[in-house]
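Have a look at this one before I ask anything.
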Amino acid sequence: MVLEKPLAKKIPKIEQLKLDSDHLVNPLREQLSSDEMGISKDAYQILKYHGSYMQSNREIKGKTKDFQFMLRLKQPAGDLSPDLYRLLDDLSRDYGQGDLRATTRQCFQMHGIRKGNLKHVVSSIMNIGSSTVGACGDVSRNVMCTPAPFQNPAYDAAREWSKVCAELFRPMSPAFNGIWLDGRQPAKPSVWAADVQKYNIDQVMYHDNGRGIIVKNNVEPLYGDRYLPRKFKIGITVPGDNSLDIYTNDIGLVVVLGSDGQLEGFNVMVGGGMGRTHNKANTFARAADHLGFVPKEDCMELLKSIVATQRDHGNREVRANARMKYLVHTVGIDAFKKLVESYFGKPIQKWHPIEDFKYNDWMGWWEQGDGKLFYGQHVENGRVKDEGSFRLKSAIRALVDRYNIETIISPTQSLIFTGINPQDKAGVDTILREHGVLPLEQVDPLNRLAMSCPALPLCGLAQTEAERIMPSYLARIRALLNSMNLSDEEILIRMTGCPNGCARPYMAELAFVGDGPKSYQVWLGGSPVLTRTAYPFMAKMDVDALETTLEPILAMFISDRYQFEQFGDFCHRVGPSAIEYFTKNYIPGSVKASA
């Protein structure tokens, strides 16, 4: 090995808990059968691997917490079948809080489930060929993919290999069937497993090249008794398409086609991640580094090698530094590459030149390449609900029931309806309009580009608002832009209620990161095409100071920008010191763009 495996020390509590859980069984099984409304802290940690978080409404005060559970699905490549949507629609109505939320990792969350109903909800999802396994926990999370359903070799490969990765890194513990299905197999196998059956993934998973990848005589051949040090995220796309924030993943794969137009292999990037902690400089957001290229026939073995590297050398002592990005940062990309090669058994080839990345959310109507259409439906902050005259949840059910539409959840919390016959286009539009859903041209570009996390009132980590306040922030920013004659400016804005980065704020051109009640950090300078991280500009901004904070920054943008330069690129070029100096000397109302 290039590096020796870390010497054994006293095992941190969370690592001991994983060891004692008997591969994610205890103490969860016993806790779920108790009469208590909630579960213990230890059971809660194990429940995450099963796809659920225990929550309570933090705005309801009292000695006894009103515990409920959020359930997150596993949906590789964001795939959502008609039958699965019907089931989720019904389950959220009957056992949840009545809505669904599209996440930034292309899966649905359901909130408000009571403990007594959790087994029924989870088993129903498993029996229809879906899953919640690995949606949370220290394992490979939901595998992301460009959501564009174009029918061509590059996009086909991206979708297929998203499912390959999902199967390759699925936890193998019998705990899931044991707890939720009383030891039985699901009524239907997972739909993505059937799609990639030809790859013989279990055989590849257990293949031992003798270089330390496989944990021998273990229920979990890749994860072992302690699973990974922290969560692990994989994303796949094609050259030129950065609709999924590819640089924010632990592993990013980019499809490379050969001269025959068919899949040759993948460019591989490693070490991306968003989470950080306020006032701890040793935690930070990081964009991934380019590792190299791997031929398709070696791809699974290389991916296993990367995961084994993180499993064996990731920081298990300090959980805040346990993500693979810190390992890559600490040893450097060259040493990390050598370490991976020591497991892989061969040199990693050089990165292949590819088309520059661009950002597209794939909203609106598109031809998908097989004579059919797809339609991208913007969903503000991912919340699929019926509220007053706005009845998006019912609209989707009507589309699914009438046209049996397949759906893809996008990385921007929106939905893409796929495989639509051209003669049904008008009917799809009619159903959406009849349910109060605006056409895309009536959606403000700021809202279309924006993302936020759920935050209050249910997230236990939230320090302030995000989803509930984001619409008003966007409206205020729109008013400010209009007043400065910047109406045509499109700025990618994101907001989170804490520094963990669920809405990937540190990649945005402008971000607000909650750091206390009614207070946000301001981040600037992320790339409009999502290839670099932003920088912190202001440590604390009161919610009422939004306009006075942004006006001088926009004024400098008007005065000093290059032709066609976008806001994030401008802020990156001039840097925080120049913006701060300009701000101190700015006279409010003194600068406007030419009308």
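The values are calculated or read from the model by the stated rules, or taken from the named source; none is laboratory data. Note that the structure is predicted; figures quoted are calculated from it, not measured. Because the Cβ atoms are built from the backbone with ideal geometry, glycine has one as well, and the counts that use them run over all protein chains shown. Just the protein is used for accessible areas: all its heavy atoms, side chains included, with ligands, DNA and RNA removed. Shrake-Rupley method; radii C 1.70, N 1.55, O 1.52, S 1.80 Å.
Polar (S, T, N, Q), modelled with pLDDT of 95 or more and under 23 Å from the mean Cα position of the chain (by Cα), is that true of Ser162?
Judged against the criteria, Ser162 is a match.
Which pairs do you get when a residue that is within 15 Å of Asn482 (Cα to Cα), found in segment 541-556, comes within reach of a residue that is crowded, with 16+ Cβ neighbours inside 10 Å and among the acidic types (Asp, Glu), reach meaning Cβ atoms under 6 angstrom, with the pair 6+ apart or on two chains?
none
Among strands (runs of 3 or more DSSP E) lying entirely in segment 500-595, which contain 2 or more residues that are modelled with pLDDT of 95 or more, open to solvent by less than 40 Å² (accessible area, probe 1.4 Å) and among the hydroxyl-bearing types (Ser, Thr, Tyr)? Give the steps one after another, and end with the answer.
Values: elements: 510-516, 519-524, 535-542.
Filter on segment 500-595 gives 519-524.
Give me the pairs: first residue in segment 34-47 and in contact (Cβ under 8 Å) with a residue 24 or more places away in the chain, second residue part of a loop (DSSP other than H, G, I, E, B) and open to solvent by less than 20 Å² (accessible area, probe 1.4 Å), beta-carbon distance under 6 Å, and six or more apart or on different chains, which are they?
Close Cβ pairs (under 6 Å, with a partner that is part of a loop (DSSP other than H, G, I, E, B) and open to solvent by less than 20 Å² (accessible area, probe 1.4 Å)) amount to Ile46/Ser21; Ile46/Leu24.
How many residues are touching a Ser or Thr at 6+ places or on another chain (Cβ under 7 Å), of a type in the set (A, V, I, L, M) and open to solvent by less than 60 Å² (accessible area, probe 1.4 Å) when one looks only at segment 149-202?
Summing the residues that are touching a Ser or Thr at 6+ places or on another chain (Cβ under 7 Å), of a type in the set (A, V, I, L, M) and open to solvent by less than 60 Å² (accessible area, probe 1.4 Å) in segment 149-202 gives 2.
Being open to solvent by 20 Å² or more (accessible area, probe 1.4 Å), of a type in the set (Val, Ile, Thr) and assigned to a loop (DSSP other than H, G, I, E, B), is that true of even one residue in segment 328-339? Working first, answer last.
At the first step, the residues of segment 328-339 found to be open to solvent by 20 Å² or more (accessible area, probe 1.4 Å) are 329-335, 337-338.
Restricting the remaining residues to those that are of a type in the set (Val, Ile, Thr) gives 330-331, 333.
From what's left, assigned to a loop (DSSP other than H, G, I, E, B): none.
So far as segment 328-339 goes, no, none of its residues is open to solvent by 20 Å² or more (accessible area, probe 1.4 Å), of a type in the set (Val, Ile, Thr) and assigned to a loop (DSSP other than H, G, I, E, B).
Shifting gears a bit: Considering Arg230, Arg211, Arg226, which residue is touching a residue at least 40 places away in the same chain (Cβ under 8 Å), touching a Phe, Trp or Tyr at 6+ places or on another chain (Cβ under 6 Å) and either open to solvent by 10 Å² or more (accessible area, probe 1.4 Å) or part of a loop (DSSP other than H, G, I, E, B) (or both)?
Details: Arg230 fails: touching a Phe, Trp or Tyr at 6+ places or on another chain (Cβ under 6 Å); Arg226 fails: touching a Phe, Trp or Tyr at 6+ places or on another chain (Cβ under 6 Å).
Going through Arg230, Arg211, Arg226 in turn, the sole match is Arg211.
State which residue is most open to solvent (accessible area, probe 1.4 Å) when the search covers only segment 238-258 and only residues that are in a loop (DSSP other than H, G, I, E, B) and not acidic (Asp, Glu). It would help to see each step written out before you state the result.
Filtering segment 238-258 for residues in a loop (DSSP other than H, G, I, E, B) gives 238-240, 242-245, 249-250, 258.
Those left that are additionally not acidic (Asp, Glu): 238-240, 242-244, 249, 258.
Numbers: Val238: 5, Pro239: 40, Gly240: 14, Asn242: 0, Ser243: 5, Leu244: 0, Asn249: 0, Gly258: 20 Å².
Taking the candidates together, the pick is Pro239.
A follow-up question, please. Could you identify the single residue in Ile587, Ile553, Ile558, Ile579 that is of a type in the set (A, V, I, L, M), in contact with a Lys or Arg (Cβ under 9 Å, 6 or more places away or on another chain) and more than 28 Å from Val254 (Cα to Cα)?
Numbers: Ile587 fails: in contact with a Lys or Arg (Cβ under 9 Å, 6 or more places away or on another chain); Ile553 fails: in contact with a Lys or Arg (Cβ under 9 Å, 6 or more places away or on another chain); Ile579 fails: in contact with a Lys or Arg (Cβ under 9 Å, 6 or more places away or on another chain).
Exactly one of Ile587, Ile553, Ile558, Ile579 is of a type in the set (A, V, I, L, M), in contact with a Lys or Arg (Cβ under 9 Å, 6 or more places away or on another chain) and more than 28 Å from Val254 (Cα to Cα), namely Ile558.
Let me ask something else. Collect the residues in segment 301-326 that are in contact (Cβ under 8 Å) with a residue 40 or more places away in the chain, open to solvent by less than 10 Å² (accessible area, probe 1.4 Å) and farther than 13 Å from Tyr223 by Cβ, keeping them in residue-number order.
Selection gives Leu302, Leu303, Ser305, Ile306, Ala322, Met324, Lys325.
Within segment 139-170, can you find the residues that are closer than 18 Å to Cys107 by Cα, assigned to a loop (DSSP other than H, G, I, E, B) and touching a helix residue (DSSP H, G or I) at 6+ places or on another chain (Cβ under 9 Å)?
Going residue by residue through segment 139-170, those that are closer than 18 Å to Cys107 by Cα are 139-149, 158-167, 169-170.
Now restrict to residues that are assigned to a loop (DSSP other than H, G, I, E, B): 139, 141-143, 146-149, 169-170.
Listed by number, the residues that qualify are Val139, Asn142, Val143, Thr146, Pro147, Ala148, Pro149, Phe169, Arg170.
Scanning segment 118-138 for residues that are within 24 Å of Leu392 (Cβ to Cβ) and assigned to a helix (DSSP H, G or I), which turns out most open to solvent (accessible area, probe 1.4 Å)?
Step one: list which residues in segment 118-138 are within 24 Å of Leu392 (Cβ to Cβ), which gives 121, 124-125, 128, 130, 132, 135.
Narrowing the set further to residues that are assigned to a helix (DSSP H, G or I) leaves 121, 124-125.
Details: Val121: 0, Ser124: 26, Ile125: 0 Å².
Ranking the qualifying residues of segment 118-138, first place goes to Ser124.
Here are some residues: Asp225, Asp241, Asp250, Asp298. Which one is over 24 Å from Trp351 (Cα atoms) and acidic (Asp, Glu)?
Values: Asp241 fails: over 24 Å from Trp351 (Cα atoms); Asp250 fails: over 24 Å from Trp351 (Cα atoms); Asp298 fails: over 24 Å from Trp351 (Cα atoms).
Sole residue among the options that is over 24 Å from Trp351 (Cα atoms) and acidic (Asp, Glu): Asp225.
Taking segment 26-48, which residues are open to solvent by less than 40 Å² (accessible area, probe 1.4 Å) and in contact with a strand residue (DSSP E or B) (Cβ under 9 Å, 6 or more places away or on another chain)?
Gly38, Ile39, Ala43, Leu47
Could you please find all residues in segment 300-323 being part of a helix (DSSP H, G or I), in contact with a Leu (Cβ under 8 Å, 6 or more places away or on another chain) and closer than 14 Å to Tyr227 by Cβ?
If the condition is that a residue be part of a helix (DSSP H, G or I), in contact with a Leu (Cβ under 8 Å, 6 or more places away or on another chain) and closer than 14 Å to Tyr227 by Cβ, then Val307, Ala308, Gln310, Arg311 are the ones that fit.
From the set of residues in segment 363-378 that are in contact with a Gly (Cβ under 8 Å, 6 or more places away or on another chain) and buried (at least 21 other Cβ atoms within 10 Å of the Cβ), which is nearest to Asp444 (Cα to Cα)?
Restricting to residues being in contact with a Gly (Cβ under 8 Å, 6 or more places away or on another chain) and buried (at least 21 other Cβ atoms within 10 Å of the Cβ), the top hit is Gly376.
Same structure, new question: What number of residues within segment 49-63 are within 22 Å of Leu19 (Cα to Cα) and surrounded by 21 or more Cβ atoms within 10 Å (Cβ to Cβ)?
Step one: filter segment 49-63 for residues within 22 Å of Leu19 (Cα to Cα), giving 49-54.
Right, trim to surrounded by 21 or more Cβ atoms within 10 Å (Cβ to Cβ) and you get 49-52, 54.
Matching residues across segment 49-63 total 5.
Where residues in segment 476-489 are closer than 25 Å to Thr533 by Cα and free of Cβ contacts under 8 Å to residues at least 60 places away in the same chain, which of them is most open to solvent (accessible area, probe 1.4 Å)?
Asp488
Here are some residues: Gly261, Gly235, Gly275. Which one is more than 24 Å from Trp362 (Cα to Cα) and either small (Gly, Ala, Ser) or surrounded by fewer than 18 Cβ atoms within 10 Å (Cβ to Cβ) (or both)?
Working: Gly261 fails: more than 24 Å from Trp362 (Cα to Cα); Gly235 fails: more than 24 Å from Trp362 (Cα to Cα).
Only one candidate qualifies: Gly275.
For segment 233-283, which residues satisfy the criterion of being among the acidic types (Asp, Glu) and either in contact (Cβ under 8 Å) with a residue 60 or more places away in the chain or over 17 Å from Ser162 (Cα atoms) (or both)? Can you show your working first?
Initial filter on segment 233-283 (among the acidic types (Asp, Glu)): 241, 245, 250, 260, 264.
Result: Asp241, Asp245, Asp250, Asp260.
Return the total of residues in segment 479-499 being among the hydrophobic types (A, V, I, L, M, F, W, C), assigned to a loop (DSSP other than H, G, I, E, B) and over 13 Å from Leu461 (Cβ atoms).
Looking only at segment 479-499, we keep the residues that are among the hydrophobic types (A, V, I, L, M, F, W, C), and these are 479-481, 484, 486, 491-493, 495, 498.
Then keep just the ones that are assigned to a loop (DSSP other than H, G, I, E, B); that gives 484, 486, 491-492, 498.
Add one more test, that the residue is over 13 Å from Leu461 (Cβ atoms), and what stays is 484, 486, 491-492.
Total meeting the criteria: 4.
Determine whether His278 is in contact with a strand residue (DSSP E or B) (Cβ under 6 Å, 6 or more places away or on another chain) and within 16 Å of Gly332 (Cβ to Cβ).
Details: in contact with a strand residue (DSSP E or B) (Cβ under 6 Å, 6 or more places away or on another chain): yes; within 16 Å of Gly332 (Cβ to Cβ): no.
So His278 fails the test.
I would also like to ask the following. Applying the selection to segment 437-475, what residues are more than 24 Å from Lys540 (Cα to Cα), touching a helix residue (DSSP H, G or I) at 6+ places or on another chain (Cβ under 8 Å) and in contact (Cβ under 8 Å) with a residue 24 or more places away in the chain?
Selection gives Val437, Leu440, Asp444, Arg448.
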